[in-house]
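A.B. asks: Once you've had a glance at the structure underneath, I'll fire off some questions.
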Amino acid sequence: MEIPEKLQGILATLPAKPGCYIYRNAEGTIIYVGKAISLKNRVRSYFHADSSHDSKTRRLTRDIADIEWIVVGSELEALILEMNLIKKHRPKYNIRLKDDKRYPYIRIHWNEPFPKVTVTRQMIEDGSRYFGPYTSAWAVYQTLDALRRIFPYLTCDRDITGLDKRACLYFDIKLCIAPCIGSATQEGYRQMISDLMNFLSGHSEEIVTRLESEMLKASEEMRFEKAATLRDQLKAITTVIERQKIVFASDYKDSDVLAMARTDGEACVQIFFIRGGKLIGREYFILEGTEDTADQQVMTEFVKQFYTEAANIPEQVMIPEEIEIEEAKIIGQWLRSKRGGQKVELFVPKDGQPHDLVEMAAENASETLQALRAQWQADAHKQEQALGELQSALKLSAPPNRIECYDVSHTQGVATVGAMIVFEQGTPAKNLYRKFNIDSTSIGAPDDFASMEEMLMRRFKRWHASTELGESQVPGAKPDASFSFLPDLIIIDGGKGQLSRVVKVLEQFGIFDKVPVVGLAKQEEEIFFPYNSQPLILPRHSQGLYLVQRIRDEAHRYGITAHRARRSKQGMASQLDSIPGIGPTRRKALLKHFGSMDKIKEASIEDLSAVKGMNQSAAESVKTHLE
């Protein structure tokens, strides 16, 4: 392979120091991130005429147009930087955890006097304790539902003083211990949350022993209601514990057991979580970019990326095969630092029960991957069927592989936002979604037709700049894939009025005959065509209709989210000022009477009407806007 002159210059100046290297393609996109003890030796090795390079590495090398590097102080720092860069940029040629940005965690707000338990998708260093990541949000909520029946934690937003006169319904149905009315002290509540965290960590023996002691004591003191509550809590805990499989003695080291299955470029890693000698849970993770990569390398990358995300690091990690010695050494050092300086053993079990566990994890990984592949194939078939049905029903020349849908969202003309969403091959391409802040329509006089026209004008001006005016030819400029391609189909969330405005825009740009466009009415799911008064109704339960509905709903969701975000930025006073019928006098009266926007939002129409200067119509306007 002939090395371009630009790359030759870079290779000649590479430092022989530890760090990370970043490869970019001709468009400037990051396509690979790696780390090295010596940047000079590692990066140059890609460009040697080496027959040992696999096909993936050869493809990568051909795509490299530019190289950057970052020097760090040690290989450990390089590993940490590498993981952060991969997570941020998700390069094409790196092995990556699939959907890693969406993994949920259980968050315990331990920094609060009365900690709550919530679900989050990111960990921040604020004193909270985290458990996860989990691959299924549904499984997390199922876990919390069971936990709350054992440890009835707070879910409300009350300021807990212990002096409230009444508790909420959750106290009556035994889903909260009501510290708000003094039914539980702060110390007692925090002990319960501490028990919950220990339970999640798989260490329940001490909890059971203490609760049994407290139950007997309450019984001896004839506090029978308290004893009964503790009895029910013990019974619920015991039920969960009995479902957990005992695999080792209770004093065995806390362990994660990893194994992997691969087929046709897909890789699935199964993890068993062993805590207190019990199998307390299992998760599977799918990896992308694993083609033409050895099992050893795939497992190495998984270990690094998973434990970058993991909330807790165990004493030992069992893996199915050895990791390269130098890499294992640095990973062990890194895991130790993440565990607060305590040693983490990374090893391959050769025999006995640990080896059997790895085998069992491998079997589970294989079965999971087979089930997922069957599901993916079924989904792909449905998408193909849906696109075929739309092609036939809408009389298109080809399947609409790129569909764009547009929606307008506002509250009585305030904070108007236009939403553009894109589906490719029947699935959402969220990186191509765009929102448009619409400022041309006047407050209090919403005009969805004008807003739709403005949004489409701006969209196709960007297309025109990208293609006709040659934006992509400007040195250093990169075309925006959201705008630089014409869609195969446009769907407008609305009827004939919105559709006519979109047709006007397409005709203005001379592409009406190139880009099919339809409007989708909300009531009967009728599809309207330009210059045709007869709507089309797709067959109920057809895949084509399901796809159109999903696209429309996604546009609506994205638009509403963007609108709410824009509206919330307007601030307290501007929110009231922008409500039709609410001027400075009424705004001042409302704030004086209720004291805050939160109180105004909670007020009923009757309460709002009772404020000096207000009436029923103005109250309804406030309520509509703030909801």
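A.B. asks: If you split all Cα-Cα distances of segment 105-245 into 10 Å bins from zero, what percentages do you get per bin, shortest first?
C.D. replies: Values per bin, smallest distances first: 11, 40, 37, 11, 1.
A.B. asks: Using a ≥ b ≥ c from the Cα gyration tensor of segment 255-370 (square roots of the eigenvalues), is it rounded, prolate or oblate, where a/c under 1.5 gives rounded and otherwise the larger of a/b and b/c decides, a/b for prolate?
C.D. replies: Judged from the Cα gyration tensor, segment 255-370 comes out oblate (a/c at least 1.5, b/c at or above a/b).
A.B. asks: I'd like the FRET efficiency for R149 and D351, computed as 1/(1 + (r/R0)^6) with the beta carbon distance as r and R0 of 56 Å, rounded to 0.05. If you can, show how the numbers build up before the last one.
C.D. replies: Values: r = 41 Å, r/R0 = 0.74.
E(calc), rounded to 0.05, equals 0.85.
A.B. asks: In addition: Based on the Cα atoms of segment 571-626, what semi-axes does the equivalent ellipsoid have, where each is the square root of 5 times one gyration tensor eigenvalue, given in whole Å with the largest first?
C.D. replies: Values for segment 571-626, descending: 13, 12, 11 Å.
A.B. asks: Provide the convex hull volume over Cα atoms per residue for segment 164-215, in Å³.
C.D. replies: Enclosed volume per residue, from the Cα hull, is 88 Å³.
A.B. asks: Can you bin segment 402-568 into rounded, prolate or oblate? Criterion: square roots of the alpha carbon gyration tensor eigenvalues sorted a ≥ b ≥ c, rounded for a/c under 1.5, prolate for a/b above b/c, oblate for the rest.
C.D. replies: Note, shape of segment 402-568 comes out rounded.
A.B. asks: Order of W463, W110 from fewest to most other C-beta atoms within 10 Å?
C.D. replies: W110, W463
A.B. asks: In segment 73-130, what GluC sites (Glu not before Pro) fall in a loop by DSSP, with at most 15 other Cβ atoms inside 10 Å?
C.D. replies: Working: sites: E75, E77, E82, E125; in loops: E125.
Answer in residue order: E125.
A.B. asks: Same structure, new question: Once you have a ≥ b ≥ c as the square roots of the Cα gyration tensor eigenvalues for segment 62-129, tell me rounded if a/c is under 1.5, and otherwise prolate or oblate according to whether a/b is larger than b/c.
C.D. replies: oblate
A.B. asks: Among the listed pairs K6/K35; K588/K623; K17/K343; K17/K87; K17/K92, give every one whose C-alpha distance is greater than 20 Å.
C.D. replies: K6/K35; K17/K343; K17/K87; K17/K92
A.B. asks: Now for a separate question. Which pairs in the list K165/K599; K174/K217; K174/K601 are over 23 Å apart, alpha-carbon to alpha-carbon?
C.D. replies: K174/K601
A.B. asks: Under the Kirkwood approximation applied to all pairs of distinct alpha-carbon atoms, what is the hydrodynamic radius of segment 1-123 in Å?
C.D. replies: Its Kirkwood hydrodynamic radius stands at 16.5 Å.
A.B. asks: For K461, list the lysines whose Cα falls under 20 Å from its own Cα; do not include residues on the same chain fewer than 8 positions away.
C.D. replies: K435, K478, K504, K514
Here, each number is a calculation from the coordinates, and none is a lab measurement. It should be emphasised that the depicted structure is a prediction, and the values quoted were computed from it without experimental measurement. Every residue, glycine among them, receives a Cβ derived from its backbone with ideal geometry; neighbour counts consider all protein chains shown.
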